[in-house]
Amino acid sequence: MKHKIFILILIASVLVLSSFTHKYNFYQEPKKVSQDTLNKNVTIADSLGLISNLTLTLHKKNAHASYYHNKFNGRRTASGTKFDNTKYTAAHRKFPFGTKLKVTNEANNKSVIVIVTDRGPFSKGREIDLTRQAFMDIAANKNAGNLKVTIEVIK
């Protein structure tokens with residue numbers, strides 16, 4: 001009788017312990033990283049020089065621009081692209097995604113070219129949200145949170 005109980009306990013413990021085992025896959029596919037096809041050495045001045053033969057259509061003067069908070073880094077934008085505060089993108093309520101805009105600071109006449117990838121800003125009185133990189137490139141005062149800008153559409 002003791003022998004049968006011992007065998008039953010042994011079988012039950014083997015079944016219980018075998019349910020906790022996990023087959024580990026030692027070979028894992030390496031993650032594929034797509035390379036960015038954009039040359040990182042192209043400067044803003046070069047890109048502004050490239051648009052000299054393109055037409056610029058004035059959209060708005062004295063528009064208020066602000067910049068994204070860092071908490072949005074890595075999140076998806078309304079267009080589906082991943083947001084990166086170091087790139088030259090913008091949010092606008094009405095322009096179609098992919099529209100290129102020339103945004104010029106009216107105080108110092110510095111300008112950047114951005115691509116619309118998101119919707120916003122949703123603060124009253126703001127016309128456009130720029131990435132932090134684009135905002136700091138044209139800002140005269142790096143501590144400011146908003147600027148008066150001129151927005152032109154590149155065609």
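Please treat every number below as a calculation from the coordinates, not as lab data. The structure presented is a predicted model; accordingly, all values stated were derived computationally and were not measured. Note that we place each Cβ from the backbone using ideal geometry, even for glycine, and neighbour counts take in every protein chain shown.
Taking 0.36 nm per residue of separation and subtracting the Cα-Cα distance, full extension of the segment from T81 to F122 would add 12.8 nm. Using a cut-off of 20 Å between Cα atoms, the listed pairs K61/K82; K60/K142; K61/K110; K61/K87; K124/K148; K94/K142 include K61/K82; K60/K142; K61/K87; K94/K142 as exceeding that distance. The label point for R93 and the one for N70, both projected 7 Å from the Cα toward the Cβ, are 3.0 nm apart. Sorting I9, I128, I151, I113 from the fewest to the most surrounding beta carbons within 10 angstrom yields I9, I113, I151, I128.
The phi-based Karplus calculation (6.51 cos²θ - 1.76 cosθ + 1.60; θ = phi - 60°) puts the 3J(HN,Hα) values of the range 112-127 at 9, 10, 10, 10, 6, 10, 8, 9, x, x, 9, 8, 5, x, 9, 9 Hz, whole numbers, x for Gly and Pro. The slack between T55 and E106, meaning 0.36 nm per residue of separation minus the straight C-alpha distance, is 16.4 nm. Distant-in-sequence amide contacts of T99, defined by a placed amide H-H separation under 5 Å and a gap of 5 or more residues or a different chain, comprise V116.
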